[in-house]
Amino acid sequence: MLDRASKTFFHLIAQSTVLKKLASRYGMRRPTSFARRFIAGETVEEAIAAARAVEARGLAQTLDYLGESVGSLAEAEAATQQYLDMIDAGIGRNLSLKLTQIGLDVDKASTIDNLRKILDRAEPAGFFVRIDMENSPYTEVTLEIFETLWQQGYRKMGVVLQSALYRSEDDAKRITALGARIRLVKGAYQEPKSIAYQKKEDVDAAYARMVKTLLTSGHYPAIATHDPAMIDLVRSWAAQHAVGPDRFEFQMLHGIRRDLQAKLVSERYGVRVYIPFGREWFPYFMRRLGERPANIAFVLRGLSRETG
């Protein structure tokens, strides 16, 4: 119940334009600012510096230019160009993006065109592009667009599924049948009980079921978790079914459990760090905080320190 209250609290303040302006003013003001626990920075240069630091520690990384729900084709084109510029920079060769950032709320056909532009630039340069999953109103259309481009021959791309949604186990079969790669997360969005598990133990149980299926039947799945119990499950299940560490990878968020990241690398597991950056960081930051009730005190202390 406390987890759900935390998620509700942070989703509410994520919608506040006043708090967004306040956070934008103070949240990235100093290298030690509270938001930098989760966000690499606001510029490409800061993201590249963070990516190089991650790679120096023996980890892989994926860059995510934050932004979602743009309201015009001009904004969608600007975001698309940002991704093209990141590809030209050549760092990391792994990108994550949201379809509403490149126009899904404006025009579906334009979104497909923008995604195709990114993939056309990305594939020859050796980049892999991961389409992030947004909240449930976008689940089906995201998978439809993914399948459309997959059928057109684009193969250097994958998609994200959230174990919190009832439908995700069937969606995993759907995507696996294509031969495509899945990043599995628990889900940071607040969803209604008609379509999503409400209890943490139910979300975890669905995640565990999907992990087992993806390890034995998937195509290089990305297991995105910081949960030691879930990581132990991955280790044991992989060992029992002769799934080598070259057939999957762990993924973790920038700034979280660096000790665990290093431990897994020392054990020869692949670990990729998700590095978010950009001026539109506030909604993402709120979702991260909403995943743990203890983060309520963390953000309030941070805001007090920055504005005091």
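Hand me the list of helices (runs of 4 or more DSSP H) wholly inside the stretch 52-169 holding 2 or more residues that are at pLDDT below 95 and exposed (fewer than 15 other Cβ atoms within 10 Å of the Cβ). Spell out the reasoning first.
On the way: elements: 73-89, 108-122, 139-151.
In the stretch 52-169, 73-89 are the helices (runs of 4 or more DSSP H) which contain 2 or more residues that are at pLDDT below 95 and exposed (fewer than 15 other Cβ atoms within 10 Å of the Cβ).
Select from the stretch 36-51 the residues that are among the acidic types (D, E) and crowded, with 17+ Cβ neighbours inside 10 Å and write down the one among them that is farthest from N135 (Cα to Cα).
Going residue by residue through the stretch 36-51, those that are among the acidic types (D, E) are 42, 45-46.
Add one more test, that the residue is crowded, with 17+ Cβ neighbours inside 10 Å, and what stays is 42, 46.
Details: E42: 24, E46: 28 Å.
Once the filter is applied, the top-ranked residue is E46.
Condition first: open to solvent by less than 60 Å² (accessible area, probe 1.4 Å), more than 16 Å from the chain's Cα centre (by Cα) and over 25 Å from S217 (Cβ atoms). Now tell me which residues in the stretch 180-205 satisfy that.
Listed by number, the list holds a single entry, E191.
What residue, of K193, K212, is modelled with pLDDT of 95 or more and assigned to a helix (DSSP H, G or I)? Full working, then the answer.
Numbers: K193 fails: assigned to a helix (DSSP H, G or I).
Exactly one residue qualifies, and that residue is K212.
Kindly list, by first and then second residue, each pair from a residue in the stretch 252-270 that is closer than 23 Å to V160 by Cα and touching a residue at least 40 places away in the same chain (Cβ under 8 Å) to a residue that is basic (K, R) and crowded, with 17+ Cβ neighbours inside 10 Å, limited to pairs with Cβ atoms under 6 Å and residues at least 6 apart or on different chains.
G255/R37
A quick yes/no check of all residues on (1) modelled with pLDDT under 85; (2) surrounded by 14 or more Cβ atoms within 10 Å (Cβ to Cβ); (3) at positive phi; (4) within 17 Å of the chain's Cα centre (by Cα):
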site: F248; (1), (2), (3), (4): no, yes, no, yes
site: L264; (1), (2), (3), (4): no, yes, no, no
site: F277; (1), (2), (3), (4): no, yes, no, yes
site: R288; (1), (2), (3), (4): yes, yes, no, yes
site: A294; (1), (2), (3), (4): yes, no, no, no
site: S304; (1), (2), (3), (4): yes, no, no, no
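Are any residues in the stretch 242-262 within 18 Å of M230 (Cβ to Cβ) and either touching a strand residue (DSSP E or B) at 6+ places or on another chain (Cβ under 8 Å) or part of a loop (DSSP other than H, G, I, E, B) (or both), and if so, which ones?
V243, F248, E249, F250, Q251, M252, L253, I256, R257, L260, Q261
Give all pairs with beta carbons closer than 7 Å in which a residue from the stretch 87-99 that is on the phi < 0 side of the Ramachandran plot meets a residue that is at pLDDT 95 or above and among the polar types (S, T, N, Q); count only pairs at least 6 apart in sequence or on separate chains.
Between residues of the stretch 87-99 that are on the phi < 0 side of the Ramachandran plot and residues that are at pLDDT 95 or above and among the polar types (S, T, N, Q), the close pairs are N94/Q61; N94/T62; L95/T62; S96/T62; L99/T111; L99/T142.
The values are calculated or read from the model by the stated rules, or taken from the named source; none is laboratory data. Worth saying up front: this structure is predicted, and the values here are computed from it rather than measured. No Cβ is skipped: glycine too gets one built from the backbone with ideal geometry, and neighbour counts run over all protein chains shown. Quick note on the areas: whole protein, heavy atoms, side chains included, nothing else; ligands and nucleic acids left out. Shrake-Rupley method; radii C 1.70, N 1.55, O 1.52, S 1.80 Å.
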